[in-house]
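Structure, as C-alpha cells:
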Amino acid sequence: MLSPYRVLDCTDARGQLAGMLLAQLGADVILVEPPEGSDARHRAPYAGGGPDPERALWHWAFNRGKRSVVLDTTSEEGRRDLLLLAADVDVLLWSGRPAECPFDTGELAAVNPGLVVAITGFGLDGPKSDWIDTDLIVSAAGLQLALTGDTDRAPLRIGSPQAHLHAASDAAVAALVGLVERARSGQGQVADVSAQVSCLQASFCYGINQAWGTQSMGRSGDGVNLGGFRLRWIYPATDGEVSITLMFGAAMVEFTGNLFRWIWEEGGCDEATRDKPWADLWVQLEAGLESADEIDRLSDVIAAFIATRSKGYLFAEARRRRVLLAPVSSLGEVMDHDHLAARQFWDQATDAEGATPHRAPGRFVVASATPLRSLAPAPRLGQDTEAVLAEARARAAAPEGPAQAPAVIEAGSGQALEGLKVLDLTWSIAGPVTTRGLADFGATVVKVESRSRPDFSRTAGPFHAINEAHPLEGSGFFANSNAGKLGLEIDLSNEAGREVFWDLVRWADVVVEAFSAGAMERMGFGYDRLAEVKPGIVLLSTCLPGQTGTLDLPGYGNLTTAMFGFTATTRWPDRQPAGPFGAYTDVVSPRFGLIALLAALDHRRRTGQGQHLDLSQAEASLHFLAPALLDAEVNGHEMEAMGNHDRELAPHGVYPTVGEDQWVAVVCTDDGAWAQLAGCLGRADLADLGVEERLARRDELDELIAAWTAPQSGEVLQAVLQARGIAAHQIQNSPECLADPQLIHRGHYVTVEHHLMGPIVIEGPRFGLSRTPGSSGPSPTYGQHAQHVLSDLLGYDDDRIADLIVAGAMG
C-alpha cells in the first residue's frame, strides 16, 4: 500500500514500532542510529541471553524491514548527512524529549517542509514537556496504573512495557493522516504525539468520570471496580485461570443468562439465581434494590463452579453455549495457538546473519488486494550507511522530489480528512474508537444503529442525569467513543432498511463493521457484494479473532487479552493476574485499524483499487507483546512476574504518599539519578551504589523510599524529583487527570454541546497536527441525524422518507 513512500526513522526504542508498521505496509524505512546503536540494541532480553547489541530482542521486534544508517549527529558531518537524508523523505519520525531533538526545525523546514511526527512523553510544549518519561512514569500520568492491580497493594504496571507503544502506533496513524492531507494541499506539518495522551486510551475514557459527577474507577485486581461494587473477571480453574465477562444490561442478557443457565444445569446454582433479571440489574443496583453483596455472591457461585473444571473443558463448553469465557494463556501457549497458525499470522524470521530461525509477529491486518509483506531481519548496525547515503547524494544531484509530490489544490476547511465518507456499522469499543479517529480529523461518519441490538457502550457509565429519562442516551462511554458522528437508526432486517443501507454504500468511501466473524457475509453484505455496488469501496472488518481461522469468539477484548498473553504477564509474583484493566485489546487495536484504512485509502487514491481489510484484534495487539513473545520463542523464557520491578532499572516502583490510596511512581534511569535520590533520602552512604548493587538490594531500597514518600504529597514530589533529574509522577485518576496542567495545556479534555445532555466533557483527539488540527463534536442520539443523512447526503425527498417510516425501516 505504501511502496511509493520513504520514511526517515530517527526514533529510539520508544517509537520504533511506528516505522516497523509503515515498513510492513511497503514503505522504505531508514533507521538512523548513533555510533553505539539505538537504545533498543542495549535493552534486555537478548537472544541467547548475553548482552549482544545485534541480538537484542527489542531491536529484532521493532526494526525488522528497515535499513540501518549510523550518523553521529553531534558532529558537523553527521548533521549534514542527516539533513541530506531528510531532504528527500515523505515522513520523518523522531522520539525523545523536545531538548533531545536531533535536528534544528528551521534547518529541516528549509530542506524539506514535509511531514514530521514527534513522539514525546508529554508533548512538544507545555509545563511537563521536558519531564523524564519511562514506561512506568507515562503509565502513572496516563491513568493506566490507577486502574490496574489489587486494592491492598500498590498500583501495578502491565508486565511487558506498553506506554510508548500506544504512542508509537498513534504516530503511525498521525503520519498517514498527514499524508492524506498533503495529497490534497501539497503541504507538510508537524504531528505532536504525547505518550501520556496515547496511554489514556487504555482507560476507556474513565478520566472524565469526575467531570460527569461519577466516582473514579479504582483497582479491582481481577475485574472492574465500579465504585460501590466490583465485577470479578478472573477465576482459578484446575489447571490455571479463565477470564469471564461478568456484565449486565440489555447488551449482555444473552451471554450472562447463558453462563448461569450452564451453572444451573450442572448443579451450581438455584433457579432464582439462574433467572435473575440481567437486563435490569444495573438499574436495580443504582436504585438500591440489589446490593454489592449480591454481586459478590454471584462471583462466588461462578468461582465454585470454575474451580473444579479444566480450562480446556470450560472453553469448549463456553464456545458451544455462547458464554463469554476464555483461558488465561502463557506466552508459550500463545506462540503455539492453532488459530494463529491457521491464519498464517507468524512471520518466519532469522537474525541479520540468516541464523536463529524463529517465528515473529507478522502482518497486523489481512489485506485482500495488497497483502502486507513479510519483513527482512532487523539490520546489523550501520549495514546500509554507505548505500543509503549514496542514494541520497544521487537524488540530490538529480532531484526527483518527494515520493508522492501532489498537485497543490485548495485545502478546504483545513480538516485533514475532509471529504472522506464513512459508513460506521460498529458497536462496543474497538470499532467505534476506530471510526471516531476518522471523525476527529474531518471525515463524515454516519453511525448506523438499531434499538433491537443496543450498542454495549450505551449501557456503560459514567452516566448523565438524563439517563433515567433516556436510558440509552446518557452514557459518557458512548459519548466519548462516538464523538463527532452522525446518527442514523435503521433496521437492517427490514427490506426498506436494507435499501437505505445500499444507498449509504454508494455514498461511502469506507465501510467499517465490527460484527462477529462472517456476519456481514451472512447478512448479504459481504465485500464482493459491496464492491459490485460501489467499486473501489474499502471495507474494514474488525473483530476479536478475525474473519477466518479456528476460533469463533464473540464478546469483548478482555477475552483476547486473556487468551493472547496480556493477562498472564500482569501480576505480582505471588498472586493470580491483576490486569490489564478492562477489555485491553479493544483499546490497542483501533490504531491498527486506522493505519490499515488510511494506507488502503492512499493506495486507492493512486490506483482506484478498493479492498477488504480483515483486522483481528488479537493479532494486531500481539505486536505490543513482541519482545516478550520473541523471548518465549527464541529463548524458551516465560515472562517473569516482577510486579513493578524492572530487570534493568532500580529503584523502579510505586510508593505511597499522603492521602487515601495516593501513590507516586519513581524510576532511577541512571547512576546520576540514583545519587540525587539517595541525597533526598538522606543516605549519602548509598549514593555510589551501581545498578547491579541496586538491583540486588531493590527490596531494601523500596522500603527506604516508601518511608520517605509516605508523609509527602505526590503532586509536590513529582515536581521536586523531576527537577533533580529523577523520573517521577503521581499516580493519576480522574481528578488528577482533569486538573493536570499538561493535559489542560494540550486541551485534551473538551466540552461539547450534546443534543440531550447539554454541555458535556469528553476527550479530544489523540494527537495534534500543527496546520490542520483535529476537533471533537458531540455523539449522536438514536437517529438524530436521519433527516440530514437521508435528505442532504442521500438525496431522498420527504415522501421517500415518510415511506421508510411507514415501512418500519427506521427502528
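The values are calculated or read from the model by the stated rules, or taken from the named source; none is laboratory data. These numbers were taken from a predicted model, which means no experiment stands behind them. Glycine gets a Cβ as well: all are built from the backbone with ideal geometry, and neighbour counts include every protein chain shown. Calculation scope for accessible area: heavy atoms of the full protein, side chains included, ligands and nucleic acids excluded. Shrake-Rupley method; radii C 1.70, N 1.55, O 1.52, S 1.80 Å.
At 1.4 Å probe radius, can you tell me the per residue accessible area of the range 141-262 in Å²?
Details: 2600 Å² over 122 residues.
I get 21 Å² per residue for this part.
Determine the share of the range 161-295's accessible area contributed by carbon and sulfur atoms, expressed in whole percent, with a 1.4 angstrom probe.
Heavy-atom surface of the range 161-295 belonging to carbon and sulfur, 1.4 Å probe: 48 percent.
Please list, in chain and number order, the residues 5+ apart from C543 or on another chain whose amide H is under 5 Å from its amide H, with Hs placed from the backbone.
Distant-sequence amide H within range of C543: L615, Q617.
Could you give the semi-axes, largest first, of the ellipsoid that matches the chain, computed as the square roots of 5 times the alpha carbon gyration tensor eigenvalues and rounded to whole Å? Intermediate values should be presented prior to the final figure.
Numbers: eigenvalues 297, 243, 131 Å².
Over the Cα atoms of the chain, the semi-axes work out to 39, 35, 26 Å.
Quick one: 3J(HN,Hα) in Hz for the range 118-124, Karplus 6.51/-1.76/1.60 with θ = phi - 60°, rounded, Gly and Pro as x.
Each residue of the range 118-124 in turn: 9, 10, 10, x, 10, x, 6 Hz.
Test of understanding: what is the full-extension gain from A465 to S713, defined as 0.36 nm times their sequence separation minus their Cα-Cα distance? Walk me through the intermediate numbers first.
Working: separation 248, 0.36 × 248 = 89.28 nm, distance 3.40 nm.
Length difference between fully extended and current span is 85.9 nm.
Can you run phi through the Karplus equation (6.51, -1.76, 1.60; θ = phi - 60°) for the range 235-241 and list ³J(HN,Hα) in whole Hz, with x for Gly and Pro?
9, x, 9, 6, 10, x, 10
How many nm is it between the label spots at S791 and E254, if each spot is 7 Å from the Cα in line with the beta carbon?
Each label point is offset 7 Å from its Cα along the Cβ direction, giving 3.6 nm.
What translational diffusion coefficient, in µm²/s and rounded to a whole number, does the Stokes-Einstein relation yield for the range 669-772 at 25 °C and a viscosity of 0.890 mPa s, taking the hydrodynamic radius as the Kirkwood radius over Cα pairs?
Once the numbers are plugged in, D ends up at 145 µm²/s.
I want to check the label-to-label distance for E266 and T238. Put each point 7 Å from Cα in the C-beta direction and report it in nm to one decimal.
1.0
Using modelled backbone amide H atoms (1.01 Å from N, in-plane), which distant-in-sequence or interchain residues come within less than 5 Å of V242's amide H?
For V242, the qualifying residues are Y235, A237, V328.
Hey, how many Å between the Cα centroid of the range 137-198 and the Cα centroid of the range 365-393?
Taking the Cα centre of each part, the range 137-198 and the range 365-393 sit 25 Å apart.
For E638 paired with R800, estimate the spin-label separation in nm (one decimal), with each label point 7 Å from Cα along the Cα-to-Cβ line.
Going by the 7 Å Cα→Cβ label model, 6.1 nm.
Please calculate how many Å² of accessible area the range 624-766 carries per residue, with a 1.4 Å probe and no DNA, RNA or ligand atoms counted.
Details: 5900 Å² over 143 residues.
Value for the range 624-766: 41 Å² per residue.
With each run of n ≥ 4 DSSP H residues scored as -39500 (n - 2.57), what mean residue ellipticity at 222 nm is computed for the chain after dividing by its residue count and rounding to the nearest 500 deg cm²/dmol?
-10000 deg cm²/dmol
Percent relative contact order of the range 1-140, based on C-alpha pairs within less than 8 angstrom and at least six residues apart? Intermediate values should be presented prior to the final figure.
Values: 242 pairs, mean separation 32.8, N = 140.
Value for the range 1-140: 23 percent.
Subtract the Cα-Cα distance of R297 and A397 from 0.36 nm times their separation in residues, and report this length gain in nm to one decimal. Working shown, then result.
Values: separation 100, 0.36 × 100 = 36.00 nm, distance 7.57 nm.
Full-extension gain reported as 28.4 nm.
Relative contact order, percent, of the range 589-732 when contacts are C-alpha pairs under 8 Å separated by at least 6 residues? Display every interim value, and only then the final one.
On the way: 168 pairs, mean separation 30.9, N = 144.
For the range 589-732, the relative contact order is 21 percent.
Expected output is a single nm value to one decimal: the length gained when fully extending between H745 and L681, i.e. 0.36 nm times separation in residues minus the C-alpha distance. What is it?
Numbers: separation 64, 0.36 × 64 = 23.04 nm, distance 3.25 nm.
Length gained, H745 through L681: 19.8 nm.
So, taking all protein chains as they sit and a 1.4 Å probe, how much accessible area belongs to S38, in Å² rounded to tens?
10
Rounded to whole Å, give me the distance from the Cα center of the range 574-642 to that of the range 204-236.
Each part's Cα centre sits 24 Å from the other's.
Using alpha-carbon pairs under 8 Å, 6+ residues apart, how would you state the relative contact order of the chain in percent?
Working: 1778 pairs, mean separation 145.7, N = 811.
Rounded, it is 18 percent for the chain.
Within the range 749-763, name every residue whose backbone N is under 16 Å away from a label modeled 7 Å from Cα of E286 along the Cβ vector.
756-758, by backbone N distance to the label point.
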